[in-house]
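Let me begin by presenting the structure, written as structure tokens, before commenting on it.
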Amino acid sequence: MKKLMTFAAILGMTSIAWAGTTLENVQDRLDNAGRTLHEIMAAPDKGIPEEVLEHAKCIAVVPHMLKAGFVFGAENGKGVATCRTAAGWSAPAFFDITGGSWGLQIGVEGVDLVLIIQDHGMNRLLSSKFEIGADASAAAGPVGRHATADTDWKLDTEILTYSRAKGLFAGISLAGSAIRHDSDATEAIYGSNVSTHALLHGEIPAPVSTRAFLDAVRDAKAQSIAPR
């Protein structure tokens, strides 16, 4: 009975974290995503390497994804993404990420995620739904100031994945996680009839409310090469 109550409590917390697509919720997501990226890049010798950022076609951030589990594990998060265009970084698009795992695990943990999507992986992000590992190749990304010694990430990997939990930042495997467009969040910021394709291709101007997140993305490379 105690185990069932614990599991029920975890599910309840997951539902709370997963709910909500009001304008205030989405604005918080944008602001937290920008803050998360800034904090990660400011960590001495533990950020995303300069070379990885130079090759990034898109950058996606999931601030405080909730991982919960009792025997069965669950992962739920809401993220924001932007892609390079001829005019700079695009207006942000929104997505949900869900996944599952099996193992002896108990507890709830907030995890920040960063996905670096290379040029050949952008089409995955434009699709309405895809699964990491099955539809899109992914690998734990290198960490540090430079990644020249490890060239595997430049090859066929479409998505480089990173996580931060309890202050520690490292590459992570997200195989089996599903990503789908968050149409409710998109409508909350942009109104109706705005597509992810139009956003990430730079066809929609970025509203003022997205500035903090886009500033963090623009500043990421400068942070990666700044003295620490």
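The values are calculated or read from the model by the stated rules, or taken from the named source; none is laboratory data. The structure displayed is predicted, hence computed values, not measured ones. Reconstructed Cβ throughout: ideal geometry from the backbone, glycine too, with neighbour counts over all protein chains shown.
One residue stands out among those in region 168-181 that are under 13 Å from the mean Cα position of the chain (by Cα) and within 16 Å of Lys129 (Cα to Cα): the one that is modelled with the lowest pLDDT, which is Leu174. Residue pairs whose Cβ atoms lie under 6 Å apart, separated by 6 or more positions or on different chains, with the first residue in region 15-37 and closer than 15 Å to Ala185 by Cβ and among the hydrophobic types (A, V, I, L, M, F, W, C) and the second modelled with pLDDT under 65 and loosely packed, with under 14 Cβ neighbours inside 10 Å, do not occur. Asp152 - would you say it is within 18 Å of Lys57 (Cα to Cα), exposed (fewer than 13 other Cβ atoms within 10 Å of the Cβ) and either out of contact with any Ser or Thr (no Cβ under 7 Å at 6 or more places or on another chain) or modelled with pLDDT of 80 or more (or both)? The answer is yes for Asp152.
Can you tell me which residues in region 199-217 are of a type in the set (Ser, Thr, Tyr) and either part of a loop (DSSP other than H, G, I, E, B) or over 16 Å from the mean Cα position of the chain (by Cα) (or both)? Within region 199-217, Ser209 is the sole residue that qualifies.
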